[in-house]
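The values are calculated or read from the model by the stated rules, or taken from the named source; none is laboratory data. None of these values were measured; they are calculated from a predicted model. Please note: Cβ atoms are built from the backbone with ideal geometry, for glycine as well, and neighbour counts cover all protein chains shown. We work out accessible area using only protein heavy atoms, side chains counted, and drop any ligands, DNA or RNA first. Shrake-Rupley method; radii C 1.70, N 1.55, O 1.52, S 1.80 Å.
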Amino acid sequence: MFLNRLKRLSKPKNSQFIIDDIINRSEKITIKRGAQYPAVAVPEAVSQHARFRGNVFKQKGVAVFASNNAMACLDEEKGFLSHGKVVNGFSYKAAADKLNAAKEYADYSKCKVLDLTSPGGKFYSHFLFDVLPKVQAIKSLGIDLNFFDKIIINFKDLPFIKEAFEILNIDFNKVEGRSAYNRILKCSCFVSVSEPRDALYTSDWIVDFIRETFSSNLPISAGTSLYISRNLGSKRIITNENEFINELHLAGIDTIYCEKNTVKQNAKIFRAANVVVAPHGAGLANIVFCRPGTTVVELFSSHWSDEFWKLCVACGLNYIPVQVEREDGSMANLATLDYVNSYLKLNAENMRVNNFLSLFNRTDF
């Protein structure tokens with residue numbers, strides 16, 4: 001496994017020596033090369049969806065950048081200068097242009113800074129699969145994360161983020177949320193990691209790391225069936241959920257609210273699951289803890305993305321997407337959804353679920 005190979009790469013050298021070595025190697029080092037996997041079967045329910053992107057998945061190469069004279073723009077599309085020159089392969093043009101034009105910046109010249117920001121990194125699934133793998137990338141090189149004075153992430157004040165850093169033995173006092181103040185900064189010791197996922201495909205090494213971090217020592221309980229409710233949230237709610245939950249209860253499916261639990265508690269719950277049913281949403285990120293062969297039923301009315309299908313492929317899970325009614329009782333035409341002009345509306349759309357047991361008793365479950 002890649003995770004084990006990464007561990008063998010760790011050297012008994014101090015963190016500054018390793019960072020200096022990266023700088024001497026043209027400031028970048030590749031720790032994981034990209035790969036393409038064979039095509040997989042396409043679930044019929046989403047084959048015509050407007051956001052369907054094909055069935056050939058890629059593992060993204062991962063690289064670490066380090067500089068002893070850096071400027072960074074930590075927008076969603078980031079950019080970096082090293083000794084006044086654009087860092088190609090790590091920088092978007094708009095961000096690089098912003099740096100070249102910057103007259104004000106946060107001065108971190110006396111700090112050793114690690115950038116772990118990632119697009120969407122304050123949201124649960126993106127934090128698990130885009131931010132935390134960067135921690136593993138740094139650790140794999142033998143760098144102690146507590147070597148840094150500042151570790152910048154998208155957002156600090158969420159319980160699951162603090163829990164993860166504590167489990168990884170990283171001093172949370174050094175963690176700093178991205179803000180208007182530090183979005184553009186200058187630093188004399190700066191390290192960043194490229195994005196670990198391509199088109200939301202979660203590679204084996206990421207799955208292994210997340211499981212090792214949160215669930216490696218947890219016992220496996222007897223098989224259970226779960227329904228993840230989103231009704232504590234504000235979008236993609238099942239409006240007739242009380243009826244739906246009663247129907248699920250008849251099938252022996254229990255309701256859980258993932259946001260009430262710690263990551264470790266969710267890891268234990270999902271590790272025991274044989275069946276998981278849920279509307280599209282962040283709670284489905286917890287299927288990373290499921291055992292191979294678990295059935296995952298993703299409910300959606302209009303909005304869907306391939307993230308959890310791809311996660312099921314990576315984890316060896318049985319993925320079944322099910323389109324259900326919109327809140328008004330209509331069925332969306334998935335092929336004609338207008339994501340360019342109506343993304344926010346589609347993403348927030350509530351739904352209704354009727355006669356679910358007739359679907360759940362299908363032979364392919």
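Data overview
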{"quantity": "Count of residues meeting criterion [in contact (Cβ under 8 Å) with a residue 24 or more places away in the chain and open to solvent by 10 Å² or more (accessible area, probe 1.4 Å)] in region 261-288", "calculated": "10"}
{"quantity": "Members of region 132-142 that are touching a strand residue (DSSP E or B) at 6+ places or on another chain (Cβ under 6 Å) and not small (Gly, Ala, Ser)", "calculated": "Lys134"}
{"quantity": "Enumeration of residues in region 160-184 that are within 16 Å of Tyr108 (Cβ to Cβ), assigned to a loop (DSSP other than H, G, I, E, B) and either β-branched (Val, Ile, Thr) or in contact (Cβ under 8 Å) with a residue 12 or more places away in the chain (or both)", "calculated": "Arg178, Tyr181, Asn182, Arg183"}
{"quantity": "Filter pass, Ala251 being touching a residue at least 40 places away in the same chain (Cβ under 8 Å), small (Gly, Ala, Ser) and under 28 Å from Asp198 (Cα atoms)", "calculated": "no"}
{"quantity": "Pick from region 71-102, criterion touching a helix residue (DSSP H, G or I) at 6+ places or on another chain (Cβ under 6 Å) and charged (D, E, K, R), ranking: farthest from Tyr181 (Cα to Cα)", "calculated": "Glu77"}
{"quantity": "Hits in region 137-183 (condition: within 17 Å of Asn14 (Cβ to Cβ) and either of a type in the set (A, V, I, L, M, F, W, C) or out of contact with any Cys (no Cβ under 6 Å at 6 or more places or on another chain) (or both))", "calculated": "Ile138, Lys139, Ser140, Leu141, Gly142, Ile143, Asp144, Leu145, Asn146, Phe147, Phe148"}
{"quantity": "Whichever residue in region 126-159 is of a type in the set (A, V, I, L, M, F, W, C) and in a loop (DSSP other than H, G, I, E, B) and, among such residues, is surrounded by the fewest Cβ atoms within 10 Å (Cβ to Cβ)", "calculated": "Phe155"}
{"quantity": "Checking Leu250 against (1) within 21 Å of Asn350 (Cβ to Cβ); (2) open to solvent by 60 Å² or more (accessible area, probe 1.4 Å), the condition it does not meet", "calculated": "(1)"}
{"quantity": "Test for Val191: is it outside any loop (DSSP other than H, G, I, E, B) and farther than 30 Å from Arg51 by Cα", "calculated": "yes"}
{"quantity": "The one condition in (1) open to solvent by 30 Å² or more (accessible area, probe 1.4 Å); (2) more than 28 Å from Ala137 (Cβ to Cβ) that Pro43 fails to fulfil", "calculated": "(1)"}
{"quantity": "Every residue from region 213-247 that is of a type in the set (Gly, Ala, Ser), open to solvent by less than 40 Å² (accessible area, probe 1.4 Å) and either touching a strand residue (DSSP E or B) at 6+ places or on another chain (Cβ under 9 Å) or more than 22 Å from Glu163 (Cα to Cα) (or both)", "calculated": "Ser225, Ser229"}
{"quantity": "Strands (runs of 3 or more DSSP E) contained in region 39-125 and holding at least 3 residues closer than 22 Å to Asp198 by Cα and either within 27 Å of the chain's Cα centre (by Cα) or of a type in the set (Phe, Trp, Tyr) (or both)", "calculated": "62-67"}
{"quantity": "Test for Leu226: is it aliphatic (A, V, I, L, M), closer than 23 Å to Arg51 by Cα and part of a strand (DSSP E or B)", "calculated": "no"}
{"quantity": "Residue ID - surrounded by the most Cβ atoms within 10 Å (Cβ to Cβ), chosen from residues in region 23-38 that are out of contact with any Phe, Trp or Tyr (no Cβ under 9 Å at 6 or more places or on another chain) and in a strand (DSSP E or B)", "calculated": "Ile31"}
{"quantity": "Hits in region 61-81 (condition: open to solvent by less than 10 Å² (accessible area, probe 1.4 Å) and in contact (Cβ under 8 Å) with a residue 24 or more places away in the chain)", "calculated": "Val62, Val64, Phe65, Ala66, Ser67, Ala70, Ala72, Cys73, Leu74, Phe80"}
